[in-house]
1. Full extension from residue 69 to residue 115: what is 0.36 nm times the residue separation minus their Cα-Cα distance, to one decimal in nm?
2. Under a point spin-label approximation (7 Å from Cα along Cα-to-Cβ), what is the residue 53-residue 78 distance to one decimal in nm?
3. Where does each of 41-52, 121-132, 78-89 land if you order them by average Cβ count within 10 Å, highest first?
4. Distance in nm between label sites at residue 96 and residue 154, each 7 Å beyond Cα in the beta-carbon direction?
5. Taking region 37-154 on its own, what percent of its Cα-Cα pair distances exceed 17 Å?
6. With r as the distance between the Cβ atoms of residue 86 and residue 163 and R0 = 35 Å, compute the FRET efficiency 1/(1 + (r/R0)^6) and round to 0.05.
7. Can you tell me how much longer the chain between residue 145 and residue 103 gets when fully stretched, taken as 0.36 nm per residue apart minus their C-alpha distance, in nm with one decimal?
Ligand SMILES: [Zn+2]
């Protein structure tokens, strides 16, 4: 099931602060406390995107993975001159979370500066399925466009350990 919405806040591009408030709620860090987890996660993905190392494609992506306790693990794409060693933002976030002991993940946000929102690539879909199952995907761009769907929507009949 798909749903589309506009974020209630303007989320920044290069050099801008994310999570700028539009009203005057008290601040927690640099994010308004009234933001939903969905919006906090997307803001974290947009902020992570600022760290992308993408000198070859200039296609910068950020991801933010939420664990069951609400902790957020971020990632950005990290390219390599050999191209084949490039790692996507989603996989960076998942591997960071796994390496720190997290195991259950309800949601991941993925942000790229594209009008048609960018879903995870095939390799990331497989990794997400392995570690997160049918996770909620929150796609977004710096202009505030968002879409929420499930991994199964973009990755039907997944291969996993049940086939081994
Ligand atoms: Zn990927």
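1. On the way: separation 46, 0.36 × 46 = 16.56 nm, distance 3.19 nm.
Extra length from residue 69 to residue 115 when fully extended: 13.4 nm.
2. Label-label distance for residue 53 and residue 78, simple model: 0.6 nm.
3. Details: 41-52: 24.8, 121-132: 17.4, 78-89: 14.2.
Those peptides, ordered most packed to least, come out 41-52, 121-132, 78-89.
4. 1.9 nm
5. Values: 3317 of 6903 pairs.
The share of Cα pairs beyond 17 Å in region 37-154 comes to 48 percent.
6. Numbers: r = 28 Å, r/R0 = 0.79.
Step by step, r from the Cβ atoms, then E = 0.80.
7. Numbers: separation 42, 0.36 × 42 = 15.12 nm, distance 2.92 nm.
Length gained, residue 145 through residue 103: 12.2 nm.
Values in this text are rule-based calculations from the coordinates and carry no lab data. If you're wondering where the values come from, they're calculated on a predicted model, not measured in any experiment. All Cβ positions, glycine included, derive from the backbone under ideal geometry; neighbour counts span all protein chains shown.
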